[in-house]
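Here the structure is laid out as structure tokens; the discussion comes afterwards.
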Amino acid sequence: MHILYDLHTHTYYSHGKDSPRANILRAVELGLDAVAISEHASGNMYYGVRGKKLEKLNSELKALKKEFDDIIDVKIGLECNVLDYGLSDVPENRSDYDLIILGYHKGIPPTNAFARHILFESFGGKSSPKRNTDAIMEAAEKAGAAIISHPNEYLRVDIPYMANCARELDIALEINAKHVSLTAEQIRTIHEHGAKLIIGSDAHRAEDVGSFGSALDAANAAGVLGSIINIQE
Ligand SMILES: [Zn+2]
Ligand SMILES: [Zn+2]
């Protein structure tokens, strides 16, 4: 089994430990074809990268992309946040990015009905998985996202419905190796509904880049290892 690429990694620009270069070097060491630095976008109050810091990150990534051009495909990614129904913090200049990931995270300001509803759910209020799914998938479509990170983490979604939407929009659903948020049955359901599955390390340290252990176990338990798009059996 061979890991082709890891598109979900963080650095010390947000709350990770190592530099973008360290993540890339680790990916090279593992023989990956591609690696993305996909930092948290600005909308996250706790660890979003914004302003001058984001500009510095992007220019560093552009330089690294050139430097490593002959060795590995370095992708400039961004992990954006769902902020409201159908709305995310994807930047205006999204063409500067090779890859947009979209996910729901804690730490979005509770200033709208969506955020208040999630707060209500977290205190045991009635859950609305289908409405939550619409919030995410509409935001993903508008943002031009290629991947939904850790579906069902922090926010309950309707997995068969999300898989159908993802298939129609050609968006991959992630099995996140840092926190596997899907059961084997849910992973199988996603596959049966024809949506693409991808594994992301969500590495916050260079040594965790390409470290897919728990996600591989989950994919294996679901019997879909051969269908993961960034794995070659
Ligand atoms: Zn995330
Ligand atoms: Zn992440």
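Residues that are of a type in the set (Ser, Thr, Tyr) and away from ligand 1 (no atom under 16 Å from the Cβ): does segment 142-155 have at least one?
Within segment 142-155, not a single residue is of a type in the set (Ser, Thr, Tyr) and away from ligand 1 (no atom under 16 Å from the Cβ).
Please go through segment 75-129 and pick out each residue that is more than 16 Å from ligand 1 (Cβ to nearest atom), within 25 Å of ILE159 (Cβ to Cβ) and either hydrophobic (A, V, I, L, M, F, W, C) or in contact (Cβ under 8 Å) with a residue 40 or more places away in the chain (or both).
Those that are more than 16 Å from ligand 1 (Cβ to nearest atom), within 25 Å of ILE159 (Cβ to Cβ) and either hydrophobic (A, V, I, L, M, F, W, C) or in contact (Cβ under 8 Å) with a residue 40 or more places away in the chain (or both): ASP84, TYR85, GLY86, LEU87, ALA113, PHE114, ALA115, LEU119, PHE120, PHE123.
Six or more apart or on different chains, Cβ under 7 Å: which pairs go from a residue in segment 148-174 that's on the phi < 0 side of the Ramachandran plot to one that's within 11 Å of ligand 1 (Cβ to nearest atom) and among the aromatic types (Phe, Trp, Tyr)? Could you list them?
LEU155/TYR104
Have a look at ALA41, ALA36 and point out the one that is under 16 Å from the mean Cα position of the chain (by Cα), more than 24 Å from ILE228 (Cα to Cα), modelled with pLDDT of 95 or more and among the aliphatic types (A, V, I, L, M). Spell out how you get there, then give the answer.
Numbers: ALA36 fails: more than 24 Å from ILE228 (Cα to Cα).
From the options ALA41, ALA36, the qualifying one is ALA41.
Could you look through segment 92-109, keep only residues that are among the aliphatic types (A, V, I, L, M) and more than 12 Å from ligand 2 (Cβ to nearest atom), and pick out the one that is nearest to ARG131 (Cα to Cα)?
Going through the qualifying residues, I end up with ILE108.
Just one of the numbered conditions (1) away from ligand 1 (no atom under 16 Å from the Cβ); (2) of a type outside the set (D, E, K, R); (3) surrounded by fewer than 18 Cβ atoms within 10 Å (Cβ to Cβ) is not true of LEU61; which one?
(3) is the only condition that LEU61 fails.
Counting only residues that are hydroxyl-bearing (Ser, Thr, Tyr) and within 15 Å of GLU153 (Cβ to Cβ), which one in segment 177-200 is surrounded by the fewest Cβ atoms within 10 Å (Cβ to Cβ)?
Looking at the filtered set, the residue picked out is THR183.
So ILE71 clears everything in (1) closer than 19 Å to PHE212 by Cα; (2) β-branched (Val, Ile, Thr); (3) more than 16 Å from ligand 2 (Cβ to nearest atom) except one condition, right? Which one?
(1)
For the list (1) touching a helix residue (DSSP H, G or I) at 6+ places or on another chain (Cβ under 9 Å); (2) within 16 Å of ligand 1 (Cβ to nearest atom); (3) without any contact (Cβ under 8 Å) to a residue 60 or more places away in the chain; (4) acidic (Asp, Glu), I need the number of the one condition that ASP202 fails.
(3)
The values are calculated or read from the model by the stated rules, or taken from the named source; none is laboratory data. What you are looking at is a predicted structure, and each value in this text was computed from that prediction instead of being measured. Please note: Cβ atoms are built from the backbone with ideal geometry, for glycine as well, and neighbour counts cover all protein chains shown.
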